[in-house]
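Student: My questions all concern the structure below.
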Amino acid sequence: MANSSLLLTQKIIDTILASPHQKITFSDYMNLCLYSYPYGYYNSEEISIGFEGDFFTSPTLGEDFGELLAKQLAQFWEILDKPSPFYLVEMGAGEGNLSLTIIKHLQQNYAHIYPHLQYIIVEASPTLRKKQTELLQKHLSSLAKVKWCSLEEIEDNSIRGVFFSNELVDAFPVNIVEKRNNQLKEVYVTYNPQQGFVEVVDDLSTDKIREYLATLNVDLTGEEYPDNYRTEVNLKAIDWLETISRKIRQGYLLTIDYGYTAEKYYHPQRFRGTLKCYYRHRHHDNPYVNIGCQDITCHVNFSAIQIYGEKWGLQTLAYTSQALFLMDLGLGERLAKLSEREIGVGEAIQRRYQLHQLINPEGLGGFRVLLQAKNLTDFQKSQPLQGFQHLRPWDYKPRILE
Ligand SMILES: C[S@@+](CC[C@H](N)C(=O)[O-])C[C@H]1O[C@@H](n2cnc3c(N)ncnc32)[C@H](O)[C@@H]1O
């Protein structure tokens, strides 16, 4: 085991032993594995997203994803009546590829918007913040348009613009629950010197879990759920949403990630939940190995994001798949142009492969794209959106779609 992994394991053991009843929630365990400084997965010096890392994301497959997304962001600026400053707040920016592409693309192709741009990066990992800064410094003539801060540091009711993220919410630590003897229980992590980390099941750590499931109209103690049914509850996503809703004066929240509606998420047949670990492009479901060296993630419950968003004034405007979203924004034309271009065969094949990956329904193309908005006028809401042409927002019913 790498030294950093040993040190992180010891830190988790110490935390467990210092806790009441020597147990911590799975959410606390996952938080330590991913975000503990300096050895948590997202803080380690070895963290790498893309071909050389443990998993791919859309921005690591070239510039197409960011450029097409920039086209949608540019349209939001028009609909919002050309605000200045126009805030783009990217949350969970990884290695900074998406930020770089969007900023460069707006500078080169939207010269009328660029002067108004203020790009904010909200990034939990100091290691990744450093990588982002280095990347942007290397490729941009100045960092004047970019600022890093926490969500809390953004003034309430101040943002006219767009909050957006790609594969952020799936990285939030989750609580795990189980049905045991017709009761709802929670999974905790303990430590035993002979067996290592051991799960135990006990009463819920917080009433918020019951409230969350009730809000989604899900009763896991119902008879359709088998005993030992296990799933996750993403309370961090709800806190995150509430914070964003306070920050927006007028604008959008765009969330791109893998996930399901509540109906699919909590389907009785999905009896071991959605938790997955990624280690060198392979996935498995054991979060107690490769500590600090593997990603741990869960699908996003998009119904929860919609329903809680509505409570805080974030109205759902559209919900689609990444494949449709990118096709609507012009990915098909990019594919067609490849055969006209005078580029080498090798390069053309590589680009075609990357574009296909972005829309592959079995992979990134099957990701969901959720658009919510706050304080838009009826006229603004009724504007047809370039990335959502296959939907008519006004008759869209997100909770039953899919
Ligand atoms: C799966 S990676 C995705 C990175 C990037 N968006 C991409 O698509 O390549 C998740 C990112 O979210 C960041 N993150 C996780 N929780 C966060 C939080 N609460 N606030 C800000 N960033 C967070 C991680 O450090 C990491 O940069």
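Student: Looking at 43, 31, can you tell me which residue is within 16 Å of the ligand (Cβ to nearest atom), touching a residue at least 40 places away in the same chain (Cβ under 8 Å) and out of contact with any helix residue (DSSP H, G or I) (no Cβ under 8 Å at 6 or more places or on another chain)? Lay out the reasoning, then the answer.
Tutor: Numbers: 43 fails: out of contact with any helix residue (DSSP H, G or I) (no Cβ under 8 Å at 6 or more places or on another chain).
31 is the lone residue from the list that is within 16 Å of the ligand (Cβ to nearest atom), touching a residue at least 40 places away in the same chain (Cβ under 8 Å) and out of contact with any helix residue (DSSP H, G or I) (no Cβ under 8 Å at 6 or more places or on another chain).
Student: Now a separate question. Where residues in region 46-85 are assigned to a loop (DSSP other than H, G, I, E, B), without any contact (Cβ under 8 Å) to a residue 60 or more places away in the chain and polar (S, T, N, Q), which of them is most open to solvent (accessible area, probe 1.4 Å)?
Tutor: 84
Student: Residues that are touching a helix residue (DSSP H, G or I) at 6+ places or on another chain (Cβ under 6 Å) and under 30 Å from residue 381 (Cβ atoms), at least 1 per element: which strands (runs of 3 or more DSSP E) completely within region 215-302 meet that? Break it down into steps so the answer makes sense when it comes.
Tutor: Numbers: elements: 230-233, 248-257, 276-279, 282-284, 295-297.
Those strands (runs of 3 or more DSSP E) span 248-257.
Student: From the list 57, 133, pick out the single residue that is of a type in the set (S, T, N, Q) and within 12 Å of the ligand (Cβ to nearest atom).
Tutor: Working: 133 fails: within 12 Å of the ligand (Cβ to nearest atom).
The match here is 57.
Student: Also, quick follow-up: Kindly establish whether residue 374 is closer than 30 Å to residue 274 by Cβ and open to solvent by 30 Å² or more (accessible area, probe 1.4 Å). Steps first, answer last, please.
Tutor: Details: closer than 30 Å to residue 274 by Cβ: yes; open to solvent by 30 Å² or more (accessible area, probe 1.4 Å): yes.
Criteria met by residue 374.
Student: Another question, if that's okay. Could you list, in sequence order, the residues of region 106-125 that are more than 14 Å from the ligand (Cβ to nearest atom) and either open to solvent by 70 Å² or more (accessible area, probe 1.4 Å) or part of a loop (DSSP other than H, G, I, E, B) (or both)?
Tutor: The answer is 107, 108, 109, 110, 111, 112, 113, 115.
Student: I need the full set of residues from region 3-20 which are more than 17 Å from residue 290 (Cβ to Cβ), in a helix (DSSP H, G or I) and free of Cβ contacts under 8 Å to residues at least 12 places away in the same chain, in order please. Steps first, please.
Tutor: The initial filter retains those residues of region 3-20 that are more than 17 Å from residue 290 (Cβ to Cβ), namely 14-20.
Add one more test, that the residue is in a helix (DSSP H, G or I), and what stays is 14-18, 20.
Within region 3-20, 14, 18, 20 qualify.
Student: If a residue has to be crowded, with 20+ Cβ neighbours inside 10 Å and more than 22 Å from residue 234 (Cβ to Cβ) to count, how many in region 17-43 make the cut?
Tutor: The total comes to 1.
The values are calculated or read from the model by the stated rules, or taken from the named source; none is laboratory data. Since the structure is predicted, the reported quantities are computational estimates derived from the model, not experimental observations. Cβ atoms come from the backbone with ideal geometry, glycine included; neighbour counts cover every protein chain shown. Each accessible area value is taken on the protein alone, full model and side chains, heavy atoms only, with ligands, DNA and RNA left out. Shrake-Rupley method; radii C 1.70, N 1.55, O 1.52, S 1.80 Å.
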